[in-house]
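**Q** Supplied in structure tokens, the structure appears directly below.
The values are calculated or read from the model by the stated rules, or taken from the named source; none is laboratory data. All values reported here derive from a predicted model rather than from experimental measurement. All Cβ positions, glycine included, derive from the backbone under ideal geometry; neighbour counts span all protein chains shown. Accessible surface is based on the protein model in full, side chains and every heavy atom, while ligands, DNA and RNA are left aside. Shrake-Rupley method; radii C 1.70, N 1.55, O 1.52, S 1.80 Å.
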Amino acid sequence: MSVFNAILKSTKACLVTIIVYFSVFVLFGNISAKATATTKDTMFEDSIVKVAITDNDNSALSRGLIEYLNETEDVVDPQTTSIKEMNDNVRFLIYDYALIIPDDFSERAKKGETEDLLEFVAPRATAPQYLLTEKIRTYMQDVMVYLNSGYSEDEAIALTKENMIKLSDTKASIMDNADENHRSFYTGMFTFNGYTLMMILCISISSVLSFTKDVDVKNRISVSGMHFKTRNFAIIAAVFCIGIVITAAVTVVVGLMGLSDTNGKFIFYCIDVIALMLVGLGMAYMISAITTNENIINMVTNMFVLSMSFFCGVFIDIQFLSPAIVKFAHFLPLYWYTAAIRLINDTPVDKILGKTFYEYLLIEILFAGIFFAAGLIISKKKEQYAV
């Protein structure tokens, strides 16, 4: 029991590191998860564009167009008559769009001309700008239809404005019930957790195991009268206890932050995280066998975990990686963790437990076993050659 307690107390030296990485996870993981999360009730809405209008015609038709745009967009004063300055203002986002109504606008429109009636500055550069250009053209076409049908100018303007505003209120929803087309908040948080949990486990557990290899500590343990098996069991139990506590803390935080994301899949994410915990413990044991120097532990951990996070879909979605990188990632444990996360996200809750899910978990556990075996071999060789 004394060995067990001593190892638990040794984690105090890593407490600052654990808090730092945990804070990074809570802050940036939450931001990333919310930014990438999509839901089945996502609605597409038209954007309001800040448009600067110069009216050189000042006719009933031009005023009608401006009144319509005032209803649907954010109309502002261009503060200049220079096209060059307007273009600069659009480029530097002082406003999004500039519309110039020439002095012969009304006259040409009544003659039936439709081409180049208006001057646009930086149209079609973005989707909202393109849509605004199409709105203006649709407005003018509707006005011309009413005028050609015998309506007066005032009637044509009023009817067009009424119809266009009704059209602007139309909203479109995607009735999509396929899980694979949506990314839940839990998926984003647990994906980022692949980096955080591995970093915390590797650094904290490696440091704890290095503590047990200190010459003075080893001598004290050896003269304590405890049996060899009892001492090692206490070390293993303490390491697993630390791993379980850290993993449970991360899981509870994610669960509390994603209470609104009730899709019934949380338990499956937790199972995958437990498999990752075993990988982290195995890698920590291997790193502690390589070195007991804390600076080198941090360097090796960052090298391994950061590289895996970029190659395995934690920081960059797997679909944006080249086929060669994805093939290479198959030889890294974090790839199978994120693969299981994607499987959980894309599969209906009643079909998750299956051959593929179990295969992913088994591969993670095999990687954990490989790391433990590598650590044992390194430790044995170092003892053999008194390194």
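**Q** I'd like the chymotrypsin sites (Phe, Trp or Tyr not before Pro) in the stretch 58-155 restricted to DSSP loop residues with at most 10 other Cβ atoms within 10 Å, sorted by number.
**A** Those satisfying the criteria are F92.
**Q** With the Cα gyration tensor of the stretch 233-387 in hand, convert its eigenvalues to equivalent ellipsoid semi-axes via √(5λ) and list them largest first in whole Å.
**A** Numbers: eigenvalues 175, 74, 44 Å².
They are 30, 19, 15 Å, listed from largest to smallest.
**Q** Let me ask you something else. Loop only by DSSP, 16 or fewer other Cβ within 10 Å of the Cβ. Give me the trypsin sites (Lys or Arg not before Pro) in the stretch 85-122 that pass, ordered by residue number. Don't skip to the answer; put the middle values down first.
**A** Values: sites: R91, R108, K110, K111; in loops: K111.
Listed in order of number, the matching sites are K111.
**Q** Full-extension gain between L131 and K166, please, as 0.36 nm times their residue separation minus the C-alpha to C-alpha distance.
**A** 11.0 nm
**Q** For E113 and I31, FRET efficiency with R0 = 41 Å and r from the beta-carbon atoms, rounded to 0.05?
**A** 0.20
**Q** Please calculate how many Å² of accessible area the stretch 310-360 carries per residue, with a 1.4 Å probe and no DNA, RNA or ligand atoms counted. Let's see the in-between values first.
**A** Working: 2800 Å² over 51 residues.
I get 55 Å² per residue for this part.
**Q** Under a 1.4 angstrom probe, counting protein chains only, how are V143, V252, V349 ranked by accessible area, largest first?
**A** So the residues, ranked largest to smallest area, are V252, V349, V143.
**Q** Still on this structure, I have one more. Want the number for Q384 to S322: 0.36 nm per residue separation, take away the alpha-carbon distance, what's left?
**A** Residue separation times 0.36 nm, minus the Cα-Cα distance, leaves 18.0 nm.
**Q** Spelling out what I want: for every residue of the stretch 137-143, take phi, set θ = phi - 60°, compute 6.51 cos²θ - 1.76 cosθ + 1.60 (Karplus), and round to whole Hz; glycine and proline get x.
**A** In residue order, the calculated couplings are 5, 5, 4, 5, 5, 5, 4 Hz.
**Q** If you don't mind, another one. How large, in percent, is the carbon and sulfur part of the accessible surface of the stretch 59-112 at a probe radius of 1.4 Å?
**A** 46
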